[in-house]
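A.B. asks: Please see the structure below; I have some questions.
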Amino acid sequence: MEKKMPENSFDLVVIGGGPGGYVAAIRAAQLGMRTALIEREHLGGICLNWGCIPTKALLRSADIYRTMKHAEAYGLSAPGASFDLAKIVARSRGVSKQLQQGVAHLLKKNKVTVIEGHARLLGKGTVQVEGKAAVTAPHIILATGARARVLPGFEPEGKLIWTYKEALVPDTMPQSLLVIGSGAIGIEFASFFNALGAKVTVVEVMDRVLPVEDAEISAIARKSFEKQGMTIHTGAQIKGIEKSASNAKVTVEVAGKTHEIVVDRVITAVGIVGNVENIGLENTKAVVERTHVVVNQWCETGEPGLYAIGDIAGAPWLAHKASHEGVIVVEKIAGLKDVHPLNMGMIPGCTYCHPQVASVGLTEAKAKEKGYQVKVGRFPFVANGKAIALGETEGMIKTVFDAKTGELLGAHMVGTEVTEMIQGYTIAKTLETTEADLMHTVFPHPTLSEMMHESVLDAYGRAVHF
């Protein structure tokens with residue numbers, strides 16, 4: 001007769017119900033593990049509730065509004081186009097709620113035990129949930145995520161200074177806005193509020209916007225942002241802030257010159273810090289460095305049986321990275337044979353500003369730094385029939401190849417719908433595709449994806465349509 005497990009004993013306990021945690025829990029359940037998921041706030045985590053999903057809903061509204069204002073270019077008429085901020089926000093929150101309910105359904109369907117409350121590690125294999133009995137498991141996955149980094153003097157108070165959370169549910173439309181940081185989060189909010197008519201200024205400490213992207217792509221994006229009316233300061237240092245009842249005066253130094261920028265609201269988007277506090281890490285051998293738990297290639301911490309995935313385990317801070325890590329950990333625990341460590345160079349990045357930006361692999365500069373001789377291909381949106389038909393001719397596809405082997409080293413895009421197209425190159429890299437394979441692939445016409453083909457051809461002097 002099979003021995004029954006005690007009620008509070010599990011094969012696996014997952015702490016955190018975001019895209020890393022809930023995916024890991026579901027995969028574990030699929031593999032026959034008795035699994036518990038502990039979540040203190042919202043299933044779906046920051047991504048679903050306060051990040052990836054609700055921002056995309058806001059940006060969709062902004063895109064439609066932007067198109068409405070240019071309806072005449074399409075032979076249409078939309079006089080007096082306007083927006084209702086409260087309804088835009090309500091739609092965004094509704095989208096998040098729908099998906100959160102979907103996650104709850106999936107966990108229930110897969111018989112994952114969901115425990116609500118704050119979890120703390122008590123030591124090897126034991127987790128205390130506040131106000132509830134402790135649970136035990138030989139394997140524990142930390143997926144507690146991260147939160148916005150706070151600049152000293154720019155602590156968010158919900159009125160004048162916002163993080164992404166306040167920016168997602170604005171109670172009023174600011175006439176002017178300063179965004180500190182031009183990474184994905186900062187530039188997406190800049191794009192949203194700019195589209196709705198706010199005077200937006202972006203301040204970036206690095207020498208260009210979207211600094212992790214290829215330099216050429218960043219330059220094209222910046223030109224487009226400025227054409228849309230944004231003011232952008234790069235190589236900028238924040239020197240101070242003075243707050244009044246209704247606005248904030250921020251002092252910024254750029255190239256030795258001081259600027260005083262007065263705005264209704266300030267959004268800080270200067271990175272994240274891992275949620276490593278108050279979860280009992282001091283009761284384990286896990287090591288924390290720069291607010292992130294140190295892990296090896298299998299997401300194992302210094303404590304046997306304790307794993308960390310997603311934002312708490314470090315960059316890149318992407319939902320799809322967290323999900324993939326969760327699956328890898330669970331399948332390794334289960335003893336599956338075909339399990340591989342996550343190759344960070346294969347993770348695509350997407351930014352949903354206007355125009356969109358997407359990339360995978362090495363930039364041209366990074367490839368050269370690593371000693372590669374490269375062949376680089378480019379193809380502009382303005383030369384693509386589908387882009388012209390859509391009225392979206394701004395952008396470029398760029399591909400970087402190893403000149404010796406034909407290996408696709410990286411792909412970088414700016415333009416409409418590139419966040420959907422990048423997966424083609426991601427699959428190509430996973431399959432170790434060469435330039436010859438891509439050249440021999442038939443791309444459908446008329447599509448934006450044809451530019452992916454032409455960019456490859458261009459790297460080898462064979463572009464047909466440009």
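A.B. asks: Hey, any hits in the stretch 32-49 for a residue that's hydrophobic (A, V, I, L, M, F, W, C) and assigned to a loop (DSSP other than H, G, I, E, B)?
C.D. replies: Within the stretch 32-49, the first condition is being hydrophobic (A, V, I, L, M, F, W, C), and the residues that meet it are 33, 36-38, 43, 46-48.
Then drop every residue that is not assigned to a loop (DSSP other than H, G, I, E, B), which leaves 33, 43.
Checking the stretch 32-49: at least one residue is hydrophobic (A, V, I, L, M, F, W, C) and assigned to a loop (DSSP other than H, G, I, E, B).
A.B. asks: Looking at the stretch 78-137, which of its residues are without any contact (Cβ under 8 Å) to a residue 24 or more places away in the chain and among the aliphatic types (A, V, I, L, M)?
C.D. replies: Of everything in the stretch 78-137, those that are without any contact (Cβ under 8 Å) to a residue 24 or more places away in the chain and among the aliphatic types (A, V, I, L, M) turn out to be A78, A81, A86, A90.
A.B. asks: Here's something else I'd like to know. Out of curiosity, is R91 in contact with a helix residue (DSSP H, G or I) (Cβ under 7 Å, 6 or more places away or on another chain) and basic (K, R)?
C.D. replies: Yes.
A.B. asks: Any idea which of G361, G314, G305 is in contact with a strand residue (DSSP E or B) (Cβ under 6 Å, 6 or more places away or on another chain) and surrounded by fewer than 18 Cβ atoms within 10 Å (Cβ to Cβ)?
C.D. replies: Only one candidate qualifies: G305.
A.B. asks: Working only within the stretch 154-164, note down all residues that are aromatic (F, W, Y) and in a loop (DSSP other than H, G, I, E, B).
C.D. replies: At the first step, the residues of the stretch 154-164 found to be aromatic (F, W, Y) are 154, 162, 164.
Scanning the stretch 154-164 gives a single hit, F154.
A.B. asks: Does L448 satisfy the criteria of being in a strand (DSSP E or B), touching a Lys or Arg at 6+ places or on another chain (Cβ under 6 Å) and surrounded by 15 or more Cβ atoms within 10 Å (Cβ to Cβ)?
C.D. replies: Taking the combined requirement at face value, the residue does not satisfy it.
A.B. asks: Among strands (runs of 3 or more DSSP E) lying entirely in the stretch 357-430, which contain 1 or more residues that are over 18 Å from the mean Cα position of the chain (by Cα) and either closer than 21 Å to F225 by Cα or not small (G, A, S) (or both)?
C.D. replies: Passing ranges, in order: 374-380, 396-402, 408-414.
Yes/no per residue for (1) free of Cβ contacts under 8 Å to residues at least 24 places away in the same chain; (2) under 17 Å from R149 (Cα atoms); (3) assigned to a loop (DSSP other than H, G, I, E, B):
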{"residue": "V295", "(1), (2), (3)": "yes, no, yes"}
{"residue": "W298", "(1), (2), (3)": "no, no, yes"}
{"residue": "P304", "(1), (2), (3)": "no, no, yes"}
{"residue": "I312", "(1), (2), (3)": "no, yes, no"}
{"residue": "W317", "(1), (2), (3)": "no, yes, yes"}
{"residue": "K321", "(1), (2), (3)": "no, no, no"}
{"residue": "H324", "(1), (2), (3)": "yes, no, no"}
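A.B. asks: Of the residues that sit in the stretch 215-270 and are assigned to a helix (DSSP H, G or I) and in contact with a helix residue (DSSP H, G or I) (Cβ under 9 Å, 6 or more places away or on another chain), which one is surrounded by the most Cβ atoms within 10 Å (Cβ to Cβ)?
C.D. replies: Top of the filtered list is A221.
A.B. asks: A follow-up question, please. When the stretch 311-342 is examined, which residues are found to be of a type in the set (D, E, K, R) and within 23 Å of the chain's Cα centre (by Cα)? So that I can check it myself, show each step before the final result.
C.D. replies: The first filter runs over the stretch 311-342 and keeps only residues of a type in the set (D, E, K, R), leaving 311, 321, 325, 331-332, 337-338.
Scanning the stretch 311-342 gives D311, K321, E325.
A.B. asks: Here is a further query. Would you confirm whether or not the stretch 366-373 contains a residue that is touching a helix residue (DSSP H, G or I) at 6+ places or on another chain (Cβ under 8 Å) and not assigned by TED's automatic domain parsing to the domain that holds D63?
C.D. replies: First, the residues of the stretch 366-373 that are touching a helix residue (DSSP H, G or I) at 6+ places or on another chain (Cβ under 8 Å): none.
No, the stretch 366-373 contains no residue that is touching a helix residue (DSSP H, G or I) at 6+ places or on another chain (Cβ under 8 Å) and not assigned by TED's automatic domain parsing to the domain that holds D63.
A.B. asks: Collect the residues in the stretch 282-300 that are of a type in the set (D, E) and farther than 12 Å from L142 by Cα, keeping them in residue-number order.
C.D. replies: E282, E289 - these are the residues of the stretch 282-300 that are of a type in the set (D, E) and farther than 12 Å from L142 by Cα.
A.B. asks: Hey, can you tell me all the residues within the stretch 7-21 that are touching a residue at least 40 places away in the same chain (Cβ under 8 Å) and in a loop (DSSP other than H, G, I, E, B)?
C.D. replies: If the condition is that a residue be touching a residue at least 40 places away in the same chain (Cβ under 8 Å) and in a loop (DSSP other than H, G, I, E, B), then N8, F10, D11, G16, G17, G18, P19, G20 are the ones that fit.
A.B. asks: Consider C52 carefully, then state whether it is in contact (Cβ under 8 Å) with a residue 40 or more places away in the chain and over 30 Å from T136 (Cα atoms).
C.D. replies: For C52, the condition - in contact (Cβ under 8 Å) with a residue 40 or more places away in the chain and over 30 Å from T136 (Cα atoms) - is met.
A.B. asks: Against the condition of a type in the set (A, V, I, L, M, F, W, C) and touching a strand residue (DSSP E or B) at 6+ places or on another chain (Cβ under 6 Å), how does A387 come out, does it pass?
C.D. replies: In short, no.
Table: residues versus (1) modelled with pLDDT under 95; (2) crowded, with 17+ Cβ neighbours inside 10 Å; (3) among the acidic types (D, E); (4) in the same structural domain as A29 (by TED's automatic domain parsing).
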| site | (1), (2), (3), (4) |
| --- | --- |
| G125 | yes, yes, no, yes |
| V135 | no, yes, no, yes |
| F154 | yes, yes, no, no |
| Q175 | no, no, no, no |
| V179 | no, yes, no, no |
| G186 | no, yes, no, no |
| K199 | no, no, no, no |
| V203 | no, yes, no, no |
| V209 | no, yes, no, no |
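A quick yes/no check of all residues on (1) within 24 Å of the chain's Cα centre (by Cα); (2) under 30 Å from G17 (Cα atoms); (3) at pLDDT 95 or above:
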{"residue": "W50", "(1), (2), (3)": "yes, yes, no"}
{"residue": "L58", "(1), (2), (3)": "yes, yes, yes"}
{"residue": "D63", "(1), (2), (3)": "yes, no, yes"}
{"residue": "K69", "(1), (2), (3)": "no, no, no"}
{"residue": "A78", "(1), (2), (3)": "no, no, no"}
{"residue": "A81", "(1), (2), (3)": "no, no, no"}
{"residue": "D84", "(1), (2), (3)": "no, no, yes"}
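A.B. asks: Shifting gears a bit: Among strands (runs of 3 or more DSSP E) lying entirely in the stretch 89-153, which contain 2 or more residues that are under 24 Å from P304 (Cβ atoms)?
C.D. replies: 113-116, 119-123, 126-129, 139-142
The values are calculated or read from the model by the stated rules, or taken from the named source; none is laboratory data. In this text, all values refer to a predicted model and were calculated from it rather than measured experimentally. A quick note on method: Cβ atoms are made from the backbone with ideal geometry, for glycine too, and the neighbour counts reach across all protein chains shown.
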